[in-house]
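The values are calculated or read from the model by the stated rules, or taken from the named source; none is laboratory data. Keep in mind that this is a model prediction, so the values were computed, not measured. A quick note on method: Cβ atoms are made from the backbone with ideal geometry, for glycine too, and the neighbour counts reach across all protein chains shown. Note: accessible area is taken over every heavy atom of the protein model, side chains too, but ligands, DNA and RNA are not part of it. Shrake-Rupley method; radii C 1.70, N 1.55, O 1.52, S 1.80 Å.
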Amino acid sequence: MEELLNIFVKSVFIDNMIFAYFLGMCSYLAVSKTVETSTGLGIAVIFVLAITVPVNYLIEKFVLKPGALEWLLGHEMASQIDLSFLSFIMFIAVIAWMVQLVEMTVEKFAPALYSALGIFLPLIAVNCAVLGAALFMSERNYSSLAEATTFAVGSGVGWFLAIVGIAAIREKIRYSNIPAPLRGIGITFIATGIMAIAFMSFMGIKL
Amino acid sequence: MGLLSTKDTKLITNPMNLENPITVQVLGVCSALAVTVKLEPALVMAISVTAVTAFSNVIISMLRNTIPNRIRIIVQLVVVAALVIIVDQILKAFVYDVSKQLSVFVGLIITNCIIMGRLEAFALGNKPWPSFLDGVGNGAGYGMILIIVAIVREIFGSGSIWGISLIPQSWYIANGGFYANNGFMILPPMALIMLGVIIWVQRSRTKELIGK
């Protein structure tokens, strides 16, 4: 339990998707004009991460890793098979497929949520943060499904905090006197940089 | 230019400045910034992205009349992912150290918005040859920004360029000198601020871009 809490805190603050790895910057910059829409996108990202990372974890553990097919072929044959070079294509296929599935399920059973998240869901299939989380999950070798899921939710929450924060700043910054060439995207980058410096103060924490 | 018509040349030169994928279209920032601490990984990344963009543009452009509209995103993702796997295997075979440094960012070329953006905006409506040039141009425009950021960060952050030290060892404080590297330059936030400054400079020089 303590271990899970550590992973959660670490993925929200220290290894923040935006501030430490710049993942999901495209939608972060494009959709952060108002707090309301960025809240919607942030929640959708948490949702998709919490679903795709565990599925990818299982696929990696039982199909892709060297010798992972033991349950199907027996030890001798499986030990010669290493499918890990397929991980990119498998992960992105799972993400695209899960996003489609989530979109259809939400549309059917929760129309209100669908109208709030609807336009963002397809965008998320190509959000770097989602694929990035899957790849980090496989690189860091989380030892159980619970750990991978915690990591996914934590990354999502970190991304959510970042996008809502920058949206709030951008709403206020509209009234400031910024040099014309820096307006819009330029100042957003610099503000993100300064936010990232603030988040770096968490780096000293050893978990 | 004999080989390329004026229109073709524009396809390559426009993304360098007026339609730069990073500073103007704001695409592909995701993986761009994490690899710019040093020049070498930045250059490898730039070449990989250019190759993937160009070839995926060609493939999608050849298939453009046969892909059903509803499933085009999936088809595009599969084509791009296949190309990225090839790039990843090549990097692992020939420049293993750099490929370790780039870690997950090679895989993230798949979701690099430049590639999807060019496929959607250009390759689906154009013939293979212009699509190829468009891919090369956009890859080069992306690479240019990566390399500028990487050069600045490496010079000030590590006092070297391409791993070759520019500052004499005796200048460093550790050896009784006066100089210290700016450790801040190698941290992630500086990449964002550098990019903000590049956008600022570019927009001050080209007035048409202001307000976009």
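Of the numbered conditions (1) under 28 Å from B:V75 (Cβ atoms); (2) modelled with pLDDT of 80 or more; (3) within 14 Å of chain B (Cβ to nearest Cβ); (4) surrounded by 23 or more Cβ atoms within 10 Å (Cβ to Cβ), A:F151 fails exactly one; give the number of that condition.
(1)
In region B:25-73, how many are of a type in the set (D, E, K, R) and within 14 Å of chain A (Cβ to nearest Cβ)?
Of the residues in region B:25-73, 2 are of a type in the set (D, E, K, R) and within 14 Å of chain A (Cβ to nearest Cβ).
Identify, by number, the condition in (1) more than 19 Å from the chain's Cα centre (by Cα); (2) more than 28 Å from A:E139 (Cα to Cα) that A:V31 doesn't meet.
(1)
Do we find that B:V35 is β-branched (V, I, T), touching a residue at least 24 places away in the same chain (Cβ under 8 Å), touching a Pro at 6+ places or on another chain (Cβ under 7 Å) and over 29 Å from B:G163 (Cβ atoms) in this structure?
In short, no.
Within 29 Å of A:F91 (Cβ to Cβ), within 14 Å of chain B (Cβ to nearest Cβ) and open to solvent by less than 30 Å² (accessible area, probe 1.4 Å), is that true of A:M137?
So A:M137 passes the test.
Confirm whether B:I73 is open to solvent by 10 Å² or more (accessible area, probe 1.4 Å), at pLDDT below 80, of a type in the set (V, I, T) and more than 10 Å from the chain's Cα centre (by Cα).
On the way: open to solvent by 10 Å² or more (accessible area, probe 1.4 Å): yes; at pLDDT below 80: yes; of a type in the set (V, I, T): yes; more than 10 Å from the chain's Cα centre (by Cα): yes.
Criteria met by B:I73.
May I ask you to list pairs of residues, at least six apart or on different chains, whose Cβ atoms are under 6 Å apart, with the first in region A:151-171 being closer than 14 Å to A:G132 by Cα and the second being aromatic (F, W, Y)?
What qualifies is A:G154/A:F8.
Looking at region B:167-212, which of its residues are more than 8 Å from chain A (Cβ to nearest Cβ), within 27 Å of A:M17 (Cβ to Cβ) and not in a helix (DSSP H, G or I)?
Matches in region B:167-212: B:N182 only.
Output the residues belonging to region A:137-150 that are assigned to a helix (DSSP H, G or I) and in contact (Cβ under 8 Å) with a residue 24 or more places away in the chain.
A:M137, A:S138, A:L145, A:A146, A:E147, A:A148, A:T149, A:T150
Quick test of your reading of the structure: B:R153 fulfils all but one of (1) more than 30 Å from A:A198 (Cβ to Cβ); (2) modelled with pLDDT of 85 or more; (3) within 14 Å of chain A (Cβ to nearest Cβ). Name the failing condition by number.
So the condition that B:R153 fails would be (1).
Condition check ((1) open to solvent by less than 60 Å² (accessible area, probe 1.4 Å); (2) under 15 Å from A:F22 (Cα atoms)) across all residues:
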residue: B:N17; (1), (2): no, no
residue: B:T23; (1), (2): yes, no
residue: B:C30; (1), (2): yes, yes
residue: B:K38; (1), (2): no, no
residue: B:V44; (1), (2): yes, no
residue: B:A51; (1), (2): yes, no
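More than 9 Å from chain B (Cβ to nearest Cβ), among the polar types (S, T, N, Q) and either surrounded by fewer than 19 Cβ atoms within 10 Å (Cβ to Cβ) or not in a helix (DSSP H, G or I) (or both): does that describe A:S115?
Yes.
Looking at region B:118-136, is at least one residue under 30 Å from A:R140 (Cβ atoms) and either among the aromatic types (F, W, Y) or in contact with a Phe, Trp or Tyr (Cβ under 9 Å, 6 or more places away or on another chain) (or both)? Break it down stepwise before answering.
Initial filter on region B:118-136 (under 30 Å from A:R140 (Cβ atoms)): none.
The answer is no; no qualifying residue exists.
If we scan region B:106-121, do we find a residue that is within 10 Å of chain A (Cβ to nearest Cβ) and touching an Asp or Glu at 6+ places or on another chain (Cβ under 6 Å)?
yes
Of (1) surrounded by 16 or more Cβ atoms within 10 Å (Cβ to Cβ); (2) of a type outside the set (A, V, I, L, M); (3) at pLDDT below 85, B:N57 satisfies all except one. Which?
Checking B:N57 against (1) surrounded by 16 or more Cβ atoms within 10 Å (Cβ to Cβ); (2) of a type outside the set (A, V, I, L, M); (3) at pLDDT below 85, the one that fails is (3).
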